[in-house]
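Below you'll find the structure, written out as structure tokens, and then a few comments.
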Amino acid sequence: METFPTYIIKSFKHDGHLHRMWLENWRVPERLLHHGHREQGMYVLINSQTKIVEADGKEWVSRIPGVSFFVPGEWFNIVALMEEQGIRYYCNIASPPYVNGRVITYIDYDLDVIRLPAGDIHVVDQEEYERHKQMYHYSAIVDTKVKQGLHDLLARVREGEPPFQDDLVNMYYQKWLERRSEG
């Protein structure tokens, strides 16, 4: 029987303060990863009804199942939200993931890309990025990495490159549900 180990995901801001934590995420075992995801060294995690803690200490529970994708070395991460009308991809422009044991951390750089189930693509929170760039004194190197991450992410979204494949998102979620029902 395949095990899906649990991980914590922690998002920080550039100055080091906690932004948000997802307390229970199940990592898809490497053996079950699609070869394209495995080749990129992706961490693929499922969350459903997980407790989320905000920077101010407020807690809430996610209502929509999600499949998260972290790609080593890339300045973005992707959450495929499994909504009734289809999969909505919510993508964070962020530092590459850092994995320590069963904790994944990254720095959130505000810019987000949303791909709706119908295929529409939106870049959001550009004003927040500019405000935080001044407030947190992002270096020229960070600004360049963020802009390159946005460029690379948009290319993946437009081309339907991994992980923007609804069938694989659904497959990962179904495998997790099967394992969960087995106990």
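The values are calculated or read from the model by the stated rules, or taken from the named source; none is laboratory data. Keep in mind that what you see is a predicted model, and the values were worked out from it rather than measured. Please note: Cβ atoms are built from the backbone with ideal geometry, for glycine as well, and neighbour counts cover all protein chains shown. With ligands, DNA and RNA removed, areas are computed over all heavy atoms of the protein, side chains included. Shrake-Rupley method; radii C 1.70, N 1.55, O 1.52, S 1.80 Å.
In terms of the Cα gyration tensor, with a ≥ b ≥ c the square roots of its eigenvalues, is the stretch 43-102 rounded because a/c is under 1.5, prolate because a/b exceeds b/c, or oblate? Here the stretch 43-102 falls in the oblate category. Site pair Q165 and H35 shows an inter-label distance of 1.0 nm when each label is modelled 7 Å from Cα along Cα→Cβ.
The length gained on full extension between S62 and R20, counted as 0.36 nm times the residue separation minus their Cα-Cα distance, comes to 13.9 nm.
Using the 1.4 Å probe convention, the accessible area of the stretch 126-183 works out to 63 Å² per residue with neighbouring protein chains retained.
In the stretch 113-183, one over the average inverse separation of all distinct C-alpha pairs is 14.9 Å, which is the Kirkwood hydrodynamic radius.
Tell me, what % of the accessible area of the chain is carbon and sulfur with a 1.4 angstrom probe? Carbon and sulfur together cover 49 percent of it.
Rounded to the nearest whole Hz, the Karplus-based 3J(HN,Hα) values (6.51 cos²θ - 1.76 cosθ + 1.60, θ = phi - 60°) of the stretch 118-124 follow the sequence 7, x, 4, 10, 10, 9, 10, with x at glycine and proline.
The number of Lys pairs in the chain with C-alpha atoms less than 23 Å apart, excluding pairs fewer than 8 positions apart on the same chain, is 13. Placing pseudo-labels 7 Å out from each Cα toward the beta carbon at S139 and R102 gives an inter-label distance of 3.4 nm.
In the context of the full set of protein chains, the stretch 26-104 has a per residue accessible area of 47 Å² (1.4 Å probe).
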